[in-house]
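Peer 1: Sharing a structure, written as structure tokens. Questions coming.
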Amino acid sequence: ALLPGEMLILERERVRRRELPRPSLEARLELPRFEDYVERFAELLRESVARCLRGVERAAVLTGGGLDSAPLAAHAARQLAAGGRANVTLLSWRVADPAADETLYAEALAAALPARLEWIDAHGAWPFAELERWPVHPSTPEQTAYRWLHERAYERAVRRGHRVVLAGFGGDALYGHGERWFFHL
């Protein structure tokens with residue numbers, strides 16, 4: 001059993017635990033203008049995507065074409081193309097409910113990028129479907145109501161030979177009152 005923020009390291013001869021670095025609650029980013037925060041955020045996002053793409057020829061991005069996943073897809077497509085590896089697959093869920101249909105956004109994103117769009121059928125995978133068979137995510141105790149949709153997308157990515165799947169889970173929260181969030185940390 002591991003405590004939160006703890007890592008288990010298995011080596012040939014031994015097993016050891018290491019505590020992961022904790023964020024500094026005193027750290028403050030003090031920039032003169034709001035635009036500077038935007039540029040810094042874009043720089044950090046670019047670097048994060050680049051780290052995820054090290055050593056891979058292709059990547060998949062879970063997307064509906066929205067604000068959380070579209071920047072990830074754009075950075076991935078640009079970075080892989082710059083390395084001569086232009087192979088990004090956008091995985092988006094096809095839903096029957098017009099209120100949840102993101103087809104236009106996903107198609108617009110695919111058209112704007114050098115990326116292929118593949119649809120994942122969402123029928124029967126809506127939140128809390130088949131609770132008795134609910135899959136457990138191997139990397140996190142956090143479970144999302146959309147777990148079945150994610151499972152289908154991950155399976156498709158594996159079948160297509162992707163070792164990296166990028167997702168902007170929770171990214172929409174960054175856009176709500178962004179100016180206040182940046183200036184009032």
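Peer 1: What accessible area per residue, rounded to a whole number of Å², is obtained for segment 58-127 using a probe radius of 1.4 Å?
Peer 2: Numbers: 3260 Å² over 70 residues.
About 47 Å² of surface per residue is accessible.
Peer 1: Also, I was wondering about something else. Using the Cα gyration tensor of segment 1-95, with a ≥ b ≥ c the square roots of its eigenvalues, what is the shape: rounded (a/c below 1.5), prolate (a/b larger than b/c) or oblate (neither)?
Peer 2: Values: a/c = 1.98, a/b = 1.23, b/c = 1.61.
Oblate, because a/c is 1.5 or more while a/b does not exceed b/c.
The values are calculated or read from the model by the stated rules, or taken from the named source; none is laboratory data. Values in this document were obtained by computation on a predicted structure and should not be read as measured data. These accessible areas exclude ligands, DNA and RNA; they are computed on the full protein's heavy atoms, side chains included. Shrake-Rupley method; radii C 1.70, N 1.55, O 1.52, S 1.80 Å.
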